[in-house]
Amino acid sequence: MPEGHRPPKDGPKPHHRRTKGEKANKKQMACVGAVYSIKPFIRTADAILDEVIRHEKIKDRPEPAHKHVWAEMSRDVDGEPLGAKDAIFCALFQDLNLRNAGHDRPVVCLMDGERALWEAQRVYFPEAVGILDLFHVMERLWTAAYCFHAEGSEEAEKFVADRLRGLLEGRVGHVIGGLRQRLTKHQLSGSRRKTLNSVITYLENNREHMRYDEYLKAGYPIGSGVAEGACRHLVKDRMEQTGMRWTVSGAQAMLHLRATYLNDQWDEFIEDRIEREQTRLYGKNAA
(Lines give C-alpha, C1' and ligand atoms only; values in the text may rest on other atoms or scores of the structure.)
Protein backbone atom coordinates (compact mmCIF):
# COMPACT_ATOMS: atom_id res chain seq x y z
CA MET A 1 0.00 0.00 0.00
CA PRO A 2 1.06 3.60 -0.03
CA GLU A 3 4.61 4.62 0.72
CA GLY A 4 6.32 8.03 0.53
CA HIS A 5 9.15 8.53 -1.94
CA ARG A 6 10.81 11.62 -3.27
CA PRO A 7 10.93 12.34 -7.00
CA PRO A 8 12.30 15.74 -8.01
CA LYS A 9 10.42 18.96 -7.30
CA ASP A 10 8.80 21.24 -9.84
CA GLY A 11 11.98 23.25 -10.23
CA PRO A 12 13.61 25.37 -12.93
CA LYS A 13 13.08 24.65 -16.59
CA PRO A 14 15.25 21.90 -18.16
CA HIS A 15 18.76 23.04 -19.11
CA HIS A 16 18.28 26.19 -17.03
CA ARG A 17 21.34 26.95 -14.91
CA ARG A 18 20.63 27.65 -11.26
CA THR A 19 21.00 31.25 -10.21
CA LYS A 20 22.80 32.42 -7.10
CA GLY A 21 20.99 31.18 -4.01
CA GLU A 22 18.86 28.67 -5.92
CA LYS A 23 18.81 25.36 -4.05
CA ALA A 24 19.97 22.20 -5.80
CA ASN A 25 18.13 19.53 -3.85
CA LYS A 26 14.55 20.71 -3.36
CA LYS A 27 12.34 17.68 -3.87
CA GLN A 28 8.64 16.98 -3.67
CA MET A 29 7.35 13.82 -2.05
CA ALA A 30 5.43 11.34 -4.17
CA CYS A 31 3.03 8.82 -2.76
CA VAL A 32 3.69 5.29 -4.01
CA GLY A 33 1.14 2.52 -3.64
CA ALA A 34 0.44 -1.00 -4.82
CA VAL A 35 -2.49 -3.39 -4.88
CA TYR A 36 -1.91 -7.13 -5.16
CA SER A 37 -3.47 -10.43 -4.23
CA ILE A 38 -1.70 -13.03 -2.11
CA LYS A 39 -2.63 -16.28 -0.43
CA PRO A 40 -2.75 -16.33 3.40
CA PHE A 41 0.54 -17.52 4.88
CA ILE A 42 0.55 -18.41 8.58
CA ARG A 43 3.89 -17.87 10.35
CA THR A 44 5.30 -17.79 13.87
CA ALA A 45 7.36 -15.16 15.64
CA ASP A 46 10.41 -17.46 15.35
CA ALA A 47 9.97 -17.69 11.58
CA ILE A 48 9.90 -13.91 11.26
CA LEU A 49 12.96 -13.53 13.49
CA ASP A 50 14.84 -16.11 11.41
CA GLU A 51 14.05 -14.12 8.30
CA VAL A 52 14.65 -10.51 9.37
CA ILE A 53 17.40 -10.98 11.98
CA ARG A 54 19.20 -14.13 10.81
CA HIS A 55 18.38 -13.62 7.10
CA GLU A 56 17.09 -17.15 6.64
CA LYS A 57 14.50 -17.08 3.87
CA ILE A 58 11.13 -18.62 4.71
CA LYS A 59 10.34 -21.58 2.46
CA ASP A 60 7.18 -21.85 0.36
CA ARG A 61 6.30 -18.18 0.79
CA PRO A 62 3.45 -17.28 -1.63
CA GLU A 63 4.20 -14.67 -4.27
CA PRO A 64 2.11 -11.52 -4.83
CA ALA A 65 -0.21 -11.91 -7.83
CA HIS A 66 -1.83 -9.39 -10.20
CA LYS A 67 0.27 -6.56 -8.80
CA HIS A 68 -0.51 -2.99 -9.86
CA VAL A 69 1.62 -0.02 -8.78
CA TRP A 70 1.19 3.76 -8.92
CA ALA A 71 3.10 6.89 -8.01
CA GLU A 72 1.34 10.22 -7.61
CA MET A 73 2.54 13.75 -6.91
CA SER A 74 0.63 16.75 -5.60
CA ARG A 75 -0.34 18.92 -8.56
CA ASP A 76 -3.09 21.01 -10.18
CA VAL A 77 -5.62 19.18 -12.38
CA ASP A 78 -7.89 21.42 -14.46
CA GLY A 79 -7.02 24.31 -12.18
CA GLU A 80 -7.86 22.43 -8.98
CA PRO A 81 -5.25 21.19 -6.47
CA LEU A 82 -4.94 17.40 -6.18
CA GLY A 83 -2.98 15.96 -3.26
CA ALA A 84 -0.68 13.00 -3.83
CA LYS A 85 -2.35 10.94 -1.12
CA ASP A 86 -5.85 11.52 -2.46
CA ALA A 87 -4.69 10.61 -5.96
CA ILE A 88 -3.03 7.38 -4.87
CA PHE A 89 -5.92 6.28 -2.65
CA CYS A 90 -8.41 6.93 -5.47
CA ALA A 91 -6.35 4.68 -7.75
CA LEU A 92 -6.12 1.99 -5.06
CA PHE A 93 -9.85 2.23 -4.37
CA GLN A 94 -10.82 1.81 -8.02
CA ASP A 95 -8.50 -1.16 -8.54
CA LEU A 96 -9.61 -2.87 -5.35
CA ASN A 97 -13.30 -2.52 -6.23
CA LEU A 98 -12.70 -4.18 -9.60
CA ARG A 99 -10.53 -6.87 -8.05
CA ASN A 100 -12.98 -7.74 -5.25
CA ALA A 101 -16.20 -7.44 -7.26
CA GLY A 102 -18.37 -10.45 -6.37
CA HIS A 103 -15.92 -11.69 -3.72
CA ASP A 104 -15.67 -11.36 0.03
CA ARG A 105 -11.91 -11.34 0.47
CA PRO A 106 -10.18 -9.74 3.45
CA VAL A 107 -8.46 -6.43 2.68
CA VAL A 108 -5.17 -5.52 4.34
CA CYS A 109 -3.80 -1.98 4.30
CA LEU A 110 -0.06 -2.11 5.00
CA MET A 111 1.64 1.27 5.47
CA ASP A 112 4.23 3.25 7.41
CA GLY A 113 3.37 5.37 10.43
CA GLU A 114 2.44 8.66 8.76
CA ARG A 115 -0.82 9.83 10.33
CA ALA A 116 -2.20 11.29 7.09
CA LEU A 117 -2.03 7.85 5.46
CA TRP A 118 -4.04 6.24 8.26
CA GLU A 119 -6.60 9.02 8.08
CA ALA A 120 -6.98 8.39 4.34
CA GLN A 121 -7.30 4.66 4.98
CA ARG A 122 -10.23 5.27 7.31
CA VAL A 123 -11.95 7.23 4.52
CA TYR A 124 -11.22 5.00 1.54
CA PHE A 125 -10.85 1.55 3.16
CA PRO A 126 -12.68 1.59 6.50
CA GLU A 127 -13.19 -2.18 6.34
CA ALA A 128 -9.48 -2.94 5.86
CA VAL A 129 -7.17 -4.42 8.48
CA GLY A 130 -4.57 -1.69 9.05
CA ILE A 131 -1.05 -3.01 9.64
CA LEU A 132 2.06 -0.99 10.41
CA ASP A 133 4.92 -2.12 8.19
CA LEU A 134 7.25 -4.23 10.33
CA PHE A 135 10.37 -2.91 8.61
CA HIS A 136 9.57 0.65 9.67
CA VAL A 137 9.18 -0.66 13.23
CA MET A 138 12.55 -2.39 13.00
CA GLU A 139 14.20 0.84 11.90
CA ARG A 140 13.01 2.39 15.16
CA LEU A 141 14.18 -0.58 17.21
CA TRP A 142 17.66 -0.35 15.73
CA THR A 143 17.67 3.38 16.44
CA ALA A 144 16.76 2.63 20.07
CA ALA A 145 19.43 -0.07 20.29
CA TYR A 146 22.16 2.39 19.28
CA CYS A 147 21.24 4.57 22.25
CA PHE A 148 22.75 1.84 24.45
CA HIS A 149 25.02 -0.30 22.26
CA ALA A 150 27.59 0.19 19.52
CA GLU A 151 26.44 -0.09 15.92
CA GLY A 152 27.12 -3.55 14.49
CA SER A 153 27.54 -5.12 17.93
CA GLU A 154 26.00 -8.42 19.05
CA GLU A 155 24.45 -6.55 21.99
CA ALA A 156 22.57 -4.24 19.62
CA GLU A 157 21.30 -7.21 17.60
CA LYS A 158 20.10 -8.98 20.74
CA PHE A 159 18.38 -5.78 21.90
CA VAL A 160 16.43 -5.59 18.64
CA ALA A 161 15.66 -9.32 18.50
CA ASP A 162 14.30 -9.37 22.07
CA ARG A 163 11.97 -6.44 21.51
CA LEU A 164 10.93 -7.59 18.07
CA ARG A 165 9.92 -10.96 19.55
CA GLY A 166 7.84 -9.11 22.13
CA LEU A 167 6.01 -7.18 19.40
CA LEU A 168 5.47 -10.29 17.28
CA GLU A 169 4.02 -12.13 20.27
CA GLY A 170 1.53 -9.33 21.00
CA ARG A 171 3.34 -7.71 23.96
CA VAL A 172 3.43 -4.18 22.52
CA GLY A 173 2.67 -2.48 25.86
CA HIS A 174 5.43 -4.48 27.58
CA VAL A 175 7.99 -3.41 24.95
CA ILE A 176 7.00 0.26 25.20
CA GLY A 177 7.06 0.10 29.01
CA GLY A 178 10.52 -1.48 28.96
CA LEU A 179 11.87 1.31 26.78
CA ARG A 180 10.42 3.90 29.15
CA GLN A 181 12.11 2.20 32.10
CA ARG A 182 15.44 2.24 30.28
CA LEU A 183 14.99 5.93 29.57
CA THR A 184 14.90 6.58 33.33
CA LYS A 185 17.19 3.82 34.57
CA HIS A 186 20.07 4.70 32.25
CA GLN A 187 19.56 8.43 32.84
CA LEU A 188 19.85 9.24 29.17
CA SER A 189 20.29 12.88 28.30
CA GLY A 190 20.76 15.07 25.27
CA SER A 191 20.39 13.57 21.81
CA ARG A 192 20.11 9.97 23.02
CA ARG A 193 17.20 10.83 25.31
CA LYS A 194 15.49 12.73 22.48
CA THR A 195 16.03 9.80 20.10
CA LEU A 196 14.63 7.18 22.48
CA ASN A 197 11.64 9.39 23.28
CA SER A 198 10.95 9.65 19.56
CA VAL A 199 10.98 5.85 19.20
CA ILE A 200 8.63 5.42 22.18
CA THR A 201 6.23 8.02 20.77
CA TYR A 202 6.23 6.31 17.37
CA LEU A 203 5.38 2.92 18.87
CA GLU A 204 2.72 4.40 21.15
CA ASN A 205 1.05 6.33 18.32
CA ASN A 206 0.89 3.25 16.11
CA ARG A 207 0.18 0.47 18.59
CA GLU A 208 -3.38 -0.09 17.28
CA HIS A 209 -1.80 -1.26 14.01
CA MET A 210 0.79 -3.51 15.67
CA ARG A 211 -1.24 -6.60 16.61
CA TYR A 212 1.32 -8.79 14.89
CA ASP A 213 0.40 -11.95 16.78
CA GLU A 214 -3.11 -11.74 15.29
CA TYR A 215 -1.81 -10.90 11.82
CA LEU A 216 0.58 -13.86 11.77
CA LYS A 217 -2.14 -16.28 12.85
CA ALA A 218 -4.43 -14.95 10.11
CA GLY A 219 -1.69 -15.28 7.47
CA TYR A 220 -1.57 -11.58 6.64
CA PRO A 221 1.53 -9.87 5.21
CA ILE A 222 3.30 -7.59 7.71
CA GLY A 223 6.05 -6.09 5.54
CA SER A 224 5.57 -3.69 2.63
CA GLY A 225 8.23 -5.10 0.35
CA VAL A 226 6.01 -4.66 -2.71
CA ALA A 227 5.55 -0.92 -2.15
CA GLU A 228 9.20 -0.46 -1.18
CA GLY A 229 10.21 -2.21 -4.39
CA ALA A 230 7.90 0.09 -6.35
CA CYS A 231 9.60 3.12 -4.79
CA ARG A 232 12.85 1.84 -6.24
CA HIS A 233 11.99 0.57 -9.73
CA LEU A 234 9.03 2.87 -10.44
CA VAL A 235 10.50 6.11 -9.10
CA LYS A 236 14.13 6.14 -8.10
CA ASP A 237 15.70 4.06 -10.89
CA ARG A 238 14.24 6.38 -13.54
CA MET A 239 13.66 9.72 -11.82
CA GLU A 240 16.73 10.25 -9.65
CA GLN A 241 19.67 9.76 -11.96
CA THR A 242 22.62 12.14 -11.69
CA GLY A 243 21.86 15.63 -12.97
CA MET A 244 18.17 15.02 -13.62
CA ARG A 245 15.75 17.90 -12.98
CA TRP A 246 12.03 17.64 -13.58
CA THR A 247 8.92 19.77 -13.61
CA VAL A 248 5.99 18.28 -11.69
CA SER A 249 3.98 17.78 -14.89
CA GLY A 250 6.89 16.06 -16.64
CA ALA A 251 7.71 13.87 -13.68
CA GLN A 252 4.07 12.85 -13.21
CA ALA A 253 3.71 11.98 -16.91
CA MET A 254 6.80 9.76 -16.70
CA LEU A 255 5.53 8.08 -13.52
CA HIS A 256 2.17 7.34 -15.15
CA LEU A 257 3.92 5.95 -18.21
CA ARG A 258 6.18 3.69 -16.17
CA ALA A 259 3.27 2.48 -14.05
CA THR A 260 1.33 1.63 -17.22
CA TYR A 261 4.23 -0.50 -18.46
CA LEU A 262 4.90 -2.19 -15.11
CA ASN A 263 1.19 -3.01 -14.71
CA ASP A 264 1.18 -4.87 -18.06
CA GLN A 265 -1.23 -2.32 -19.53
CA TRP A 266 1.06 -1.05 -22.29
CA ASP A 267 -0.75 -2.65 -25.23
CA GLU A 268 -4.12 -1.29 -24.06
CA PHE A 269 -2.54 2.14 -23.61
CA ILE A 270 -1.12 2.15 -27.14
CA GLU A 271 -4.42 1.04 -28.65
CA ASP A 272 -6.30 3.73 -26.75
CA ARG A 273 -3.71 6.33 -27.72
CA ILE A 274 -4.01 5.46 -31.42
CA GLU A 275 -7.81 5.58 -31.26
CA ARG A 276 -7.78 8.97 -29.54
CA GLU A 277 -5.31 10.43 -32.03
CA GLN A 278 -7.31 9.16 -35.01
CA THR A 279 -10.47 10.68 -33.55
CA ARG A 280 -8.68 13.98 -32.93
CA LEU A 281 -7.24 14.11 -36.45
CA TYR A 282 -10.02 12.61 -38.53
CA GLY A 283 -13.19 12.79 -36.43
CA LYS A 284 -15.36 10.20 -34.75
CA ASN A 285 -15.90 8.15 -37.89
CA ALA A 286 -12.20 7.49 -38.45
CA ALA A 287 -11.49 3.87 -39.36
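The values are calculated or read from the model by the stated rules, or taken from the named source; none is laboratory data. All values reported here derive from a predicted model rather than from experimental measurement. All Cβ positions, even for glycine, are placed from backbone atoms using ideal geometry, and neighbour counts span all protein chains on display.
Some points to look at:
- Any hit, the stretch 237-244, residues being outside the structural domain of VAL69 (by TED's automatic domain parsing), surrounded by fewer than 19 Cβ atoms within 10 Å (Cβ to Cβ) and within 24 Å of ALA84 (Cβ to Cβ): no
- Taken over the stretch 91-102, the criterion of being under 24 Å from GLY225 (Cβ atoms) and of a type outside the set (Gly, Ala, Ser) is satisfied by LEU92, PHE93, GLN94, ASP95, LEU96, LEU98, ARG99, ASN100.
- Count of the stretch 183-195 residues which are exposed (fewer than 14 other Cβ atoms within 10 Å of the Cβ) and either of a type in the set (Asp, Glu) or without any contact (Cβ under 8 Å) to a residue 24 or more places away in the chain (or both): 7
- Unique match (being under 22 Å from TYR146 (Cα atoms), part of a helix (DSSP H, G or I), among the aliphatic types (A, V, I, L, M) and over 20 Å from the mean Cα position of the chain (by Cα)) among LEU188, LEU196: LEU196
- Restricting the stretch 213-267 to residues that are part of a helix (DSSP H, G or I) and of a type in the set (Val, Ile, Thr), the residue that is farthest from the chain's Cα centre (by Cα): VAL248
- Of the criteria (1) touching a His at 6+ places or on another chain (Cβ under 9 Å); (2) exposed (fewer than 14 other Cβ atoms within 10 Å of the Cβ), which one TYR282 fails: (1)
- Of all residues in the stretch 245-269, those satisfying the criterion of being hydroxyl-bearing (Ser, Thr, Tyr) and either closer than 25 Å to GLU63 by Cβ or not assigned by TED's automatic domain parsing to the domain that holds ILE58 (or both) are THR260, TYR261.
- Which listed residue is crowded, with 17+ Cβ neighbours inside 10 Å, part of a helix (DSSP H, G or I), assigned by TED's automatic domain parsing to the domain that holds LYS194 and not polar (S, T, N, Q), from ALA156, ALA120: ALA156
- Near pairs, Cβ below 9 angstrom, 6+ apart or cross-chain, from the stretch 136-153 (in a helix (DSSP H, G or I)) to any residue that is loosely packed, with under 15 Cβ neighbours inside 10 Å: ARG140/SER198; TRP142/GLU151; THR143/SER198; ALA145/GLU151; ALA145/SER153; ALA145/GLU155; ALA145/LYS158
Yes or no, residue by residue, for (1) surrounded by fewer than 18 Cβ atoms within 10 Å (Cβ to Cβ); (2) assigned by TED's automatic domain parsing to the domain that holds PRO106; (3) under 30 Å from ALA91 (Cβ atoms); (4) of a type outside the set (Asp, Glu):
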residue	(1), (2), (3), (4)
TYR124	yes, yes, yes, yes
ALA161	yes, no, no, yes
GLY177	yes, no, no, yes
GLN181	yes, no, no, yes
ASN197	yes, no, no, yes
THR201	yes, no, no, yes
ASN205	yes, no, yes, yes
MET210	no, no, yes, yes
